[in-house]
Structures are given as C-alpha cells and as structure tokens.
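Here's the structure, in structure tokens; my notes come after.
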C-alpha cells in the first residue's frame, strides 16, 4: 500500500527520501517552547537534529533565546545565516579550531563548554584574537560518563582557571543529567555554585539538556535554560522514552520495496547509508507505518532487510513505505536535503545546511 | 603521542579528518588488479567505497574494465566525470528513476541488475527513451539472502522476460557468493546458464563480488568479472577477514582526544556521525594505532567513548590519534572530502563526490 503523498514524493524526488511534515514541526516547536516557558527556563534548542538555519529561525521566532551546536562547523553555518547567541557544547581544542572560534566570536555571540584545563588554556587565544572575552561554561558530568568533570571541586578549579585566563570569562555550568539523575545533578550544581561564589563568580548560564528530559525541565533549581534537540522531529527512541507519540514524529523516511525474493522477506532501498546502523538500543531499525509488525532486521549499505515472518501485512515490490527512524538525528545527517510537506501537499526541499560538519 | 603528520593534519584541517595514503591506495589498486589479471577475470571495482571519480579513473588506468555503482545517483556523478561502462548493481524502480536511467543510458554505457519481474517491466522505458537497449543482468542469491532470485528457474524466467521486453537486452548474471558459498554459486550458475542457452540466450557478463572474496576470484567457472570495493582502502573488517594487513589500510580517521575525565576513560572528537555505529560485527569501533589496546567502546553523535581500563598506554588531552575504522565504506560516506597524503607529505583534499547519493 502506497499513500497518495508517498506516490507523489516517489514520482517527484525518488526514494529513499527524508520527508518532514511542517505542521508537526511547528507543533513540536510550540509544544516544547511552552514547556520551557511554563518551567521558567529559556529554550536553547540543539540544532544537531535538523542542521537547518531555517528551522533554527523558526525556533527563535517561537521564543527560543539562542541555539546549541555540537561542532564549530555547525555554528559557523548558523552564524552565516544570521543566528546569534550560540552555545557550542563541546571541548574545542587545537590551533585550527581556536583560530576559527576567534573569528566566529568576533562576529557573533558565542559561548563554549569545556571540561579540562588543557582546553581552557587553548581557548584563551580565541578571546584575545576576537578582542573580547569568550564566555566559557564548565561541562559537568552527572552520570552519563561522557565529557564533563566528575566532581564539583574540579568544576570550581576550572572556574578559577577561566576567570584568571586572558581572553576568557566564566559563564556558568552545562549539565546533561540522566533522566533519573536530577537530584544528583542538583547536589553537584549546589556544591559547584557555592564554590564559585566563594571565588566571587556568578553563573549567568546554567544549562540542562536532552529531549528525553523534557519531563524534567525546571526540576533543577537554578537552571536558566534547557537544550532539547530531537523534539523538533522526534523518533522511535523518543516514543520509547515516553516524551512523544507517533503523531509527534515529524520526519518519515520514504523508502521503496525493491525486492521480495521470498514470502517472508523483502528489501528496502534504505540501508545503513540512509537509516544508519544506530539502533538506539531498540529492536529493529525503524517502525514502518504501513506494516508495523514488519521488522527492519538488518542492513547492508543500501539494503534494508525486511523480516516479514511475523506479519501477514506484507508489502509488494514497488510499494513506498513510511518509516519512523530509531534515531532521527543521525538519519538527517545522511541527507543533503529533506522534503517539506504540509499534510498531503509538497512544499519543496530544505537543505540540511550543516550536514556532515565533522569539525 | 601525536605523529608529526597528525600534528600537521590537525593544524591545517582540524579533526576529525579522513586521511588517505596515496602510496597505499595505488598499491592496493595494483595488487587487486593483478589478482584479477592472474585469475583471468575483468576487474569492475565498486565505487561505493571511495565515491570519487578521481580514484575510479586510477582504477581504470590500472586496468579495470569498468565500474560498479550501487545507486543511480552515484552512476550519474561518475558519468559526469567521464567514467564509462557502469554496472548499477541494484533494482531500480519507479518512474523518476527510470527516467533518469534512460537519460544516463543515452550518454554512457550502463548495465543494471534486477531480480524481479516488476523491476524488469519498469526498466523497459529507460531503453525505449534512450533509443538503445538497456542491458540487464539478473541478480542471483547464492546464500546472502539479500536481493537476488533464489533459484535458477526464476533466473531463467526473468531472462526470458528481459529478452521479450522492448528496450531491454539480456546481459547475464550477477552473483555475490558468500566466502564459503562458491560451489553453491557454481551449481546455481550452471543451471541458470543451461536454461538461458535453451532460450537461445548467452550471458556476456557473469559478475562475482566482494573484497573479502578476493581469495576466491576466478573460482567460479564462467565468471567474466569481479566487483571488489573495499580493497582500495581496506579496514578492520578486511583485516579480520584475512584479505588485508594493517599496512594495507589506506584510510585512517585522525581524531583528537578532547576529554579525559577519569583515568580509565577518554573522549574522542569522532562519534557516530564520523565513525558510524556500524560495528561490522567486531568488538569496539576501530583500531587506534597509537593505543591498540584502547577500546572505542561506544558513541554519542560527536563523542567516541574510550575505554582505557585494559591499557597503560593512555592518550593525553590534545593527542591526535589515527584510527583504522571497522567498515571504511560507511565512514567515507560521512565526509565531504578526504585528505590525501603520500608518506608524511600532505597533497591536498579530494571530494567524496558521490557522497550521500541516497537515490
């Protein structure tokens, strides 16, 4: 079964195609802005999900106070398009990056995160070359064991270092609590806050993160902002986390069934170079709306292997199906553009302008 | 520890960067061409690995008779750059693709694979619109359960259909035997060959595939060509398969250690948006040449999680390390360009011209 819109998408663009429904996009933007507004924290959406200045502007127009980028190259693309107040939530290191960061700081308001003394020492030149201080927030680990200092004492030491480094100013703290780790984050933050106040410093940014954490926004006493990313599109992981419904999933991958060599299996024209091997810890690699019991079992680079053994609803060769991907952020990053629709109408394409900005 | 070349790469381009050593690339090209020459089969390298017309031309200059593409969009990029004799090893379906295929056929020699009657019926218009027959090879499954007819009888039926369809000509068979499935492939091929000969048809292309199958090239009696892809760069999977050494790995991902929040862990600036979540079935996500016992344990989108618990050789923050990825084909597809070096000299960058051609 192919919906009329799917047939139209396939005819005009071919498959696989990433298709976003702008009604849902706008609804998601409004919903999350309202959550932040109600909680009394600013919204600083993470653009890693959509990588589009156009969508970032929609988020700003809806009330977001700024944006978050994970890579310097993403921030450059956003600044080129006129976005301002950018947090780069990542340790930037090396003279090539610091030079680019200085150039970016000279033309836009940018804040960076850091979790260690080597990175902080290196950042100094960015502020010096820009002729104004670079605001630095300290990344704190509160359970994910990714980046971030592990103790408040380390955070306080780094705050002291930032305050004493030419070209830098202490801006606050960046946290990314686990969904169940907000009390731990609160304790961490309280201790770090006490320490920096003794140094005569005051955080202006206390940032929390994550779309799965939307149910926790405002739960950290002292938080000034939240950095949700995935909510603009949502995906199977967000539904599994209980923070979105299938109707909130604004991006579908349209894919054609190109082979049905046996009754219980089929092949989609979307493989790991479209849907990615990132399972997000879920079983199967996406929900097929037309065949929810079909399982995308595994991938070759351009083949999606369909296991149809558990379903009598089986697609025919040539059917165009709609897939909710497991992890939408990495899927968007595979494509140069997405197709925008509103209901059953095609609007046009939107470049994924910051796609593939590895650095 | 950072090598002088790694320091230079980081300074000029930043990290993460995909770096190819042209001495190794050329050696790999020559080695595999010699294997095909010795076996008496033509070499039709699969460009899905490098996605570069420049490298495809090197393969042709070394003796390859044509190229293989998995996507129509890849073939268009290659044809635009002057490549000819292109096999698209994939079921193409839908009027948008068939129209593009017709346009491609009108300007270059292109053959396509098909495994079912729906696809074959649709292809007709490509040959008709181009004004010359489109050669079609029948994809045969000999154990991988991907695309491909499962029995010689189905292959014979499809050959008959192709021969009777306006705009198409029967060109032969495409096989992709498993590493241990060559006897099975031989039986399949013999039966299919007998059947099509009874129809008065003769294959001109009998194509086998796979870099891991380089040890089997020539083992299929009747094969006319082989389609190796990964051999130009090689990767951890090829080494594990016993068809390449670490010195044959021509592409390294240069990545900076950006965080060392605890003694036994660290963070690389290459995450799933650089190295991809495709493990290739191996433990860990790449070999770090400087720290072979460090384990790239998991990813966030822009973070590689280093587990250093099993090694005393631990990188410092700011170290630039070289990583042999598990599956190089999907990693190349994440980048807009690769940096070319020869030994310790940087030559410049090479666009991954057919990157992200989803369709």
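Where a number appears in this text, it was derived from the coordinates with a stated rule and is not lab data. Remember, predicted model here, so these are calculated numbers, not experimental data. Note: ideal-geometry Cβ built from the backbone for every residue, glycine included; neighbour counts use all protein chains shown.
The figures follow:
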{"quantity": "Nearest-ten-degree value, helix A:22-39 long axis tilted from longest Cα axis of chain A", "calculated": "30"}
{"quantity": "Order of B:68, A:180 under a 10 Å beta carbon neighbour criterion, fewest first", "calculated": "A:180, B:68"}
{"quantity": "Pairs of alpha carbons in the stretch A:24-142 whose separation is greater than 22 Å (percent)", "calculated": "35"}
{"quantity": "Within 10 Å of each Cβ in B:14-24, the average number of Cβ atoms from other chains", "calculated": "2"}
{"quantity": "FRET efficiency, 1/(1 + (r/R0)^6) with R0 60 Å, evaluated for residue A:197 and residue B:121 via beta carbons", "calculated": "0.20"}
{"quantity": "The protein assembly as shown - Rg and Dmax from Cα coordinates, angstrom", "calculated": "26.4, 92"}
{"quantity": "Mean-position separation - Cα centroids, the stretch B:193-233 and the stretch A:323-359, in angstrom", "calculated": "38"}
{"quantity": "Most fluctuating residue given options B:290, B:95, B:12, as computed from a GNM of chain B linking Cα atoms under 10 Å", "calculated": "B:12"}
{"quantity": "Relative contact order for chain A, counting Cα pairs under 8 Å that sit 6 or more residues apart, in percent", "calculated": "20"}
{"quantity": "Equivalent ellipsoid dimensions for the stretch A:133-224 as semi-axes, Å, which come from the Cα gyration tensor, largest first", "calculated": "22, 12, 12"}
{"quantity": "Residue B:245-residue B:346 pseudo-label distance in nm [points 7 Å out on the Cα-to-Cβ vector]", "calculated": "2.9"}
{"quantity": "Peptide-level mean, for A:256-264, of C-beta atoms on other protein chains within 10 Å", "calculated": "6"}
{"quantity": "Sequence ranges A:329-341, A:308-320, ranked by mean other-Cβ count within 10 angstrom, highest first", "calculated": "A:329-341, A:308-320"}
{"quantity": "Residue-averaged 222 nm ellipticity for chain A, from DSSP H runs of 4+ at -39500 (n - 2.57), nearest 500", "calculated": "-9500 deg cm²/dmol"}
{"quantity": "Cα long-axis angle, helix B:4-13 against chain B (0 to 90 degrees, to the nearest 10)", "calculated": "70"}
{"quantity": "Alpha-carbon centroids, the stretch A:31-109 and the stretch B:79-117: separation in whole Å", "calculated": "42"}
{"quantity": "DSSP beta bridges in the protein assembly as shown [antiparallel fraction, %, rounded to 5]", "calculated": "50"}
{"quantity": "Convex hull (Cα only) mean projected area of the stretch A:266-351, reported in nm² to one decimal", "calculated": "6.0"}
{"quantity": "Pseudo-label separations to other copies for residue B:343 - Cα-to-Cβ vector, 7 Å, nm", "calculated": "6.8"}
{"quantity": "Cβ-derived FRET efficiency at R0 35 Å, residue B:309 paired with residue B:180, nearest 0.05", "calculated": "0.45"}
{"quantity": "Tail beyond 29 Å, pair distance distribution of the stretch A:22-233 (Cα, percent)", "calculated": "21"}
{"quantity": "Sorted peptide list for B:27-35, A:112-120, criterion being average Cβ within 10 angstrom, highest first", "calculated": "A:112-120, B:27-35"}
{"quantity": "Theoretical gain in end-to-end length, residue B:84 to residue B:219 [0.36 nm per residue, Cα-Cα removed]", "calculated": "45.9 nm"}
{"quantity": "Hull shadow area, averaged, chain B [alpha-carbon convex hull, nm²]", "calculated": "17.4"}
{"quantity": "Estimated FRET transfer efficiency when R0 is 45 angstrom, pair residue B:160-residue B:23 (beta carbons, to 0.05)", "calculated": "0.35"}
{"quantity": "Rounded to 10°, Cα long-axis angle of helix A:95-107 versus longest principal axis of chain A", "calculated": "80"}
